[in-house]
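Asks: Before I ask anything, here is the structure I am working with.
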Amino acid sequence: MTVGEAGHGGSPEGAGPSSPSAGAGTAPPAAGASFHEMWRELLPIGRHAGSGGYRRYAWTGADAECREWFREQAEARGLAYEVDRNGNQWAWLGDPAAGDAVVTGSHLDSVPDGGAFDGPLGVVSSFAALDELRGRGTRFTRPLALVNFGDEEGARFGLACVGSRLTAGRLTAEQAHRLTDGDGVALPRAMEAAGYDPEAIGPDPERLARIGAFVELHVEQGRALDLSGDRVGVASAIWPHGRWRFDFRGEANHAGTTRLVDRRDPMLSYAQTVLAARREAELAGAVATFGKVAVEPNGVNAIPSLVRGWLDSRAADQETLDEVVGGVEKAAREYATAHGVDLDVVRESFTPVVEFDHALRDELARILGKDTGLTVPVLGTGAGHDAGILSGSVPTAMLFVRNPTGVSHSPAEFAAEDDCVAGVRALADVLEGLACR
Ligand code: HGY
Ligand code: MN
Ligand code: MN
């Protein structure tokens, strides 16, 4: 089923001169054309020549280039561009102070060697959807904003959704100031080096009060739409999920001369814990991954003194997630004791279950199904998003665009061109339905 096919050329609507028109002048390129042009411009930024993956980490040069790209797109469309106290970028059509704004957007940062679509698809589609609406002559009766939330992946400082968490008051400035990257660079220093004021960060209730609805379009990180044969779907919920750091401390020693019985080798406890995580997840029907490990001193011929492993675990409900993580930690402590190794476990990032706003979810499904009369798929996800963080503060919804392999957080992440354009048209239909009452 295809959703949002063929712009239906809505007649210019509006509450009169005060309403922010989508923009007069020559009709901008249709959704597909502007999408491709923006996609081509953004594609090379932060892409690693060797892996083909993206390394767009918060407050780095690649991040700055992405931000510059966002500002150029906003100003090229005559939108009022601003950066909020937490470094998130906003592009407004209409008067933000009027309130009840419809906001759409996503993030531009990536995981290490991430794919091209996770985040950028939502941001590029937001601009392309506005271009589509301008092509339809749409007049808005509510302010509209496009947003790029900073540091969604937490690839550098370890905490997901820093920009949206700060804005929503779910991360304090003090907590953010204590975040450091793998080289020991503290987040405030990284912000300063990028030209931002770390003393300004903090909750932004005034900004949130201006938002009537937030809709994030995102590439699906799974195969539900591929299996159902749909181009676009609507999100129902996000699984609870988090990140735990396991520090196994043993005793550094010579790999060649230390008898096995004399060793206190943290690598053994770590290895056993990785297998325990998989076992606990399988038993509970959840997921658990040790995807990052750091070894000190990390020498081939040295028994490590410290092995740090990061567990990412997610489950359909909190009770199951607690069961999995509790089981992994219990096993890890048994292994550590058996090898004379000390263990500390620290929860570094956590997002509780998110149920998206039911009324907004159903409104999106109605809008997207109205032309075809077909039922739009409504699906849950295990992936975290800024929309999940904002859902505690404003009515929030998500659109997913088909990903034929379901692969994400990998250079192989992919969405077909016509599915991306269908996503743009679906987002345009949603924005028109919400902001042009
Ligand atoms: O980890 C996540 O689910 C998201 O990509 N930040
Ligand atoms: Mn991601
Ligand atoms: Mn994402």
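Asks: Using helices alone, I'd like the mean residue ellipticity at 222 nm for the chain: each DSSP H run of four-plus residues gives -39500 (n - 2.57), total over residue count, nearest 500. It would help to have the intermediate numbers written out before the result.
Replies: Values: 13 runs with 149 residues, N = 437.
Calculated from helices alone, the mean residue ellipticity at 222 nm is -10500 deg cm²/dmol.
Asks: Want the number for A186 to R40: 0.36 nm per residue separation, take away the alpha-carbon distance, what's left?
Replies: Value of the extension gain: 49.2 nm.
Asks: Which distance in nm do the two modelled labels at H177 and E82 give, with both placed 7 Å along the Cα-to-Cβ direction?
Replies: Here the modelled spin labels are 2.5 nm apart.
Asks: Dipole of the chain (Lys/Arg Cβ +1, Asp/Glu Cβ -1, origin at the Cα centre): which of V407, V111, T258 lies farthest to the positive side?
Replies: Of the candidates, T258 comes out farthest on the positive side.
Asks: Which one, Y270, V325, L130, projects farthest toward the positive side of the charge dipole computed for the chain from Cβ point charges (K/R +1, D/E -1)?
Replies: Y270
Asks: Below 8 Å between Cα atoms, with a sequence gap of 6+, how large is the relative contact order for the chain in percent?
Replies: Numbers: 1022 pairs, mean separation 101.4, N = 437.
It rounds to 23 percent for the chain.
Asks: While we're here: Where the centroid of each part is defined by its Cα atoms, how far is the stretch 81-110 from the stretch 355-404 in Å?
Replies: Between the Cα centre of the stretch 81-110 and that of the stretch 355-404, the gap is 20 Å.
Asks: Find the percent of Cα-Cα distances in the stretch 175-317 that exceed 19 Å, and round it to a whole number.
Replies: Distances greater than 19 Å cover 72 percent of the Cα pairs.
Asks: For V346 and L374, compute 0.36 nm times the residue count separating them, minus their Cα-Cα distance, and round to one decimal in nm.
Replies: Extra length from V346 to L374 when fully extended: 5.4 nm.
Asks: Let me ask you something else. Hey, got the dipole for the stretch 102-150? About the Cα centre, +1 on K and R Cβ, -1 on D and E Cβ, debye to the nearest 20?
Replies: 460 debye
Asks: Picking from G163, N301, V421, whose Cα lies most toward the positive end of the charge dipole for the chain (charges on Cβ: Lys, Arg +1; Asp, Glu -1)?
Replies: Value computed over the given set: N301.
Asks: For the stretch 25-169, compute the orientation-averaged projected area of the C-alpha convex hull (one quarter of its surface), in nm².
Replies: Its Cα hull, projected and averaged over all orientations, spans 8.7 nm².
Asks: Work out the length of the dipole vector of the stretch 242-351 about its Cα centre, built from +1 on the beta-carbon of each Lys and Arg and -1 on the beta-carbon of each Asp and Glu, and round it to the nearest 20 debye. Kindly include the intermediate steps, with their values, before the conclusion.
Replies: Values: 14 positive and 17 negative charges, 68 e Å.
The dipole magnitude comes to about 320 debye.
Asks: Still on this model: Order by neighbour count: V394, V341, fewest other Cβ atoms within 10 Å first, most last.
Replies: Exposure proxy ranking, most exposed first: V394, V341.
Asks: May I ask you to evaluate 6.51 cos²θ - 1.76 cosθ + 1.60, the Karplus curve with θ = phi - 60°, for each residue of the stretch 178-193 and list the ³J(HN,Hα) values in order in whole Hz, giving x for glycine and proline?
Replies: Each residue's phi maps through the Karplus curve to give 8, 6, 10, 8, x, 9, x, 7, 7, 4, x, 5, 5, 5, 4, 4 Hz.
Asks: Where both residues lie in the chain, what percent of DSSP beta bridges are antiparallel, nearest 5?
Replies: The antiparallel fraction comes to roughly 70 percent.
Asks: Here's something else I'd like to know. Quick one: putting +1 on the C-beta of Lys and Arg, -1 on the C-beta of Asp and Glu, what dipole do you get for the stretch 309-436 around its Cα centre, in Debye to the nearest 20?
Replies: 180 debye
Asks: Over every pair of different alpha-carbon atoms in the stretch 242-351, take the mean of 1/r and invert it; report that Kirkwood radius in Å.
Replies: It is 14.1 Å.
Bear in mind these aren't lab numbers, they're just calculated from the coordinates by the rules spelled out. Since the model is a prediction, treat every value here as computed from it, not as a measurement. Cβ atoms come from the backbone with ideal geometry, glycine included; neighbour counts cover every protein chain shown.
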